[in-house]
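Written below as C-alpha cells is the structure these notes are about.
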Amino acid sequence: MRKLYVIGIGAGDPDQVTVQAIKAMRQVEVFFVIGKGAEKQELVDVRTSILTEHLDHPYRTVEIADPPRDRDPADYRGVVEDWHDRRSALLENEFAQVDGVGGILVWGDPSLYDSTLRMIERVLDRGAQSFDYQVIPGVTSVQALAARHRMVLHRIGEPVHITTGRRLREDGLSGSTVVMLDGDCSFTKVPGDDVHIWWGAYLGMPDETLIEGPLRAVEQEIVERRTRLRAEKGWIMDVYLLRPGS
Ligand SMILES: C[S@@+](CC[C@H](N)C(=O)[O-])C[C@H]1O[C@@H](n2cnc3c(N)ncnc32)[C@H](O)[C@@H]1O
C-alpha cells in the first residue's frame, strides 16, 4: 500500500463530515471496514451513505471481521493488548494485498477511544510493510454533545476530564467530567446532591435524545429512557458531562 488515510467521519450526523475528509475519501481506492459482526446496521448505513453521497469514482470495500474478546476481563489491559495484536494481524494481511491508496473511516475522531491508530503503528512496527499514513480529524461525540446542549465543557479557566464509565466508578468524580463507553449508567453511583448532568444518546442520528438537569432529579428518567431506547433499537450509544457544584 502506498498511502493510508485514517478519516474521522463524525459521530453520526453525515453533515458533520468535513471537506478535508471528503477530499481524502476521493483519493481512496480501497476502504478497509473493521466489522463488529452483529454491528448495528444503522452505523454501517451512516458510513455507506457518506461514501455514496460524496464519491463517484470506483472504489472497493474490504471487510475485516473483528476477532472476539472478553468484554469483562479481570486483566483488562492484557485482554485489550491481545485483541489489538489479533486485529492488527488481520489488517496487515489485507494491507499487503493493496498497491494504491487505502482508507479507514473512523467513527467520531481517531484520537478518542479508538484503536485504529494503535493497530496501524503495530503493523508498521512489525516491519514487513512500510507506508505513509495521514489522519483526518472528525467531530467527536464529545463535541456533538456540547453543541447539542449549547454548553462549554468546563468552567472558565478550568480543565475538563474525559473518561469511561468503568473508570468513573473506580476513580470517582472530580471536576467537569465527560463519560463515554458506559453501559452501566455509572452516573447513578456518583454521590452528592449538587451534581449536574448533560446526557445525549444517538447524537446526530434520527433517534437523538437529550436530557439535562440536576443528577439526582433526572437520573431515574435517564435510566428508564436509556433502557427503553436500548430495548427498542437493540443498541445504544450515549455520552454525558457531569459537573459537581452546579
Ligand atoms: C468506541 S468510542 C468511540 C468514540 C469516537 N471515536 C468519538 O470520537 O466520539 C464509542 C463511544 O463514543 C460515544 N459515542 C459515539 N458516538 C455517539 C453518538 N452518536 N451519540 C452518543 N454517544 C456517542 C459513546 O460513549 C460510545 O460508547
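The values are calculated or read from the model by the stated rules, or taken from the named source; none is laboratory data. All values reported here derive from a predicted model rather than from experimental measurement. Cβ atoms come from the backbone with ideal geometry, glycine included; neighbour counts cover every protein chain shown. Areas reflect the complete protein model, heavy atoms only, side chains present, ligands, DNA and RNA absent. Shrake-Rupley method; radii C 1.70, N 1.55, O 1.52, S 1.80 Å.
Among the listed residues Gly204, Gly213, Gly200, Gly183, which satisfies the condition of being touching a His at 6+ places or on another chain (Cβ under 9 Å) and either basic (Lys, Arg) or within 12 Å of the ligand (Cβ to nearest atom) (or both)?
Details: Gly204 fails: touching a His at 6+ places or on another chain (Cβ under 9 Å); Gly213 fails: either basic (Lys, Arg) or within 12 Å of the ligand (Cβ to nearest atom) (or both); Gly183 fails: touching a His at 6+ places or on another chain (Cβ under 9 Å).
Of Gly204, Gly213, Gly200, Gly183, the one residue that is touching a His at 6+ places or on another chain (Cβ under 9 Å) and either basic (Lys, Arg) or within 12 Å of the ligand (Cβ to nearest atom) (or both) is Gly200.
Determine whether Val142 is touching a residue at least 60 places away in the same chain (Cβ under 8 Å), within 11 Å of the ligand (Cβ to nearest atom), in a strand (DSSP E or B) and within 23 Å of Leu112 (Cα to Cα).
Values: touching a residue at least 60 places away in the same chain (Cβ under 8 Å): yes; within 11 Å of the ligand (Cβ to nearest atom): yes; in a strand (DSSP E or B): no; within 23 Å of Leu112 (Cα to Cα): yes.
Judged against the criteria, Val142 is not a match.
Residue by residue through segment 183-229, note down the ones that are among the polar types (S, T, N, Q), open to solvent by 70 Å² or more (accessible area, probe 1.4 Å) and touching a strand residue (DSSP E or B) at 6+ places or on another chain (Cβ under 9 Å). Quick ask: steps written out before the conclusion?
Pass one, segment 183-229, residues among the polar types (S, T, N, Q): 186, 188, 209, 220, 227.
Keeping just the survivors that are open to solvent by 70 Å² or more (accessible area, probe 1.4 Å) gives 220, 227.
Passing the criteria: none in range.
Could you check how many residues of segment 145-182 are open to solvent by 50 Å² or more (accessible area, probe 1.4 Å), small (Gly, Ala, Ser) and not in a helix (DSSP H, G or I)? If you could, list the steps in order and put the result at the bottom.
Filtering segment 145-182 down to residues open to solvent by 50 Å² or more (accessible area, probe 1.4 Å) leaves 147-148, 150, 152, 154-162, 166-167, 169-171, 174, 181.
With small (Gly, Ala, Ser) added as a condition, the list becomes 147, 157, 174.
Then drop every residue that is not not in a helix (DSSP H, G or I), which leaves 157, 174.
Summing the residues that are open to solvent by 50 Å² or more (accessible area, probe 1.4 Å), small (Gly, Ala, Ser) and not in a helix (DSSP H, G or I) in segment 145-182 gives 2.
Kindly provide the set of residues from segment 10-31 that are under 21 Å from Phe95 (Cα atoms) and either in a loop (DSSP other than H, G, I, E, B) or free of Cβ contacts under 8 Å to residues at least 40 places away in the same chain (or both), ordered by number.
Of the residues in segment 10-31, the ones under 21 Å from Phe95 (Cα atoms) are 21, 24-31.
If the condition is that a residue be under 21 Å from Phe95 (Cα atoms) and either in a loop (DSSP other than H, G, I, E, B) or free of Cβ contacts under 8 Å to residues at least 40 places away in the same chain (or both), then Arg26, Gln27, Val28, Glu29 are the ones that fit.
Out of Glu81, Glu94, I need the residue that is without any contact (Cβ under 8 Å) to a residue 40 or more places away in the chain and away from the ligand (no atom under 16 Å from the Cβ). Which one? Steps first, please.
Details: Glu94 fails: without any contact (Cβ under 8 Å) to a residue 40 or more places away in the chain.
Only one candidate qualifies: Glu81.
Collect the residues in segment 95-123 that are assigned to a helix (DSSP H, G or I) and either open to solvent by 50 Å² or more (accessible area, probe 1.4 Å) or in contact with a helix residue (DSSP H, G or I) (Cβ under 8 Å, 6 or more places away or on another chain) (or both), keeping them in residue-number order. Steps first, please.
Here is the first cut: in segment 95-123, the ones assigned to a helix (DSSP H, G or I) are 95, 116-123.
Phe95, Arg118, Met119, Ile120, Glu121, Arg122, Val123, listed by residue number.
Would you confirm whether any residue within segment 48-57 is within 23 Å of Trp235 (Cα to Cα), in a helix (DSSP H, G or I), open to solvent by less than 70 Å² (accessible area, probe 1.4 Å) and touching a Pro at 6+ places or on another chain (Cβ under 7 Å)?
Within segment 48-57, one or more residues are within 23 Å of Trp235 (Cα to Cα), in a helix (DSSP H, G or I), open to solvent by less than 70 Å² (accessible area, probe 1.4 Å) and touching a Pro at 6+ places or on another chain (Cβ under 7 Å).
Output the residues belonging to segment 124-139 that are assigned to a loop (DSSP other than H, G, I, E, B) and within 16 Å of the ligand (Cβ to nearest atom). Spell out how you get there, then give the answer.
Kept after step one, since they are assigned to a loop (DSSP other than H, G, I, E, B), are these residues of segment 124-139: 127-131, 137-139.
Pro137, Gly138, Val139 - these are the residues of segment 124-139 that are assigned to a loop (DSSP other than H, G, I, E, B) and within 16 Å of the ligand (Cβ to nearest atom).
Quick check, is Ala89 away from the ligand (no atom under 16 Å from the Cβ) and either more than 20 Å from Pro110 (Cβ to Cβ) or out of contact with any Lys or Arg (no Cβ under 7 Å at 6 or more places or on another chain) (or both)?
Working: away from the ligand (no atom under 16 Å from the Cβ): yes; either more than 20 Å from Pro110 (Cβ to Cβ) or out of contact with any Lys or Arg (no Cβ under 7 Å at 6 or more places or on another chain) (or both): yes.
Judged against the criteria, Ala89 is a match.
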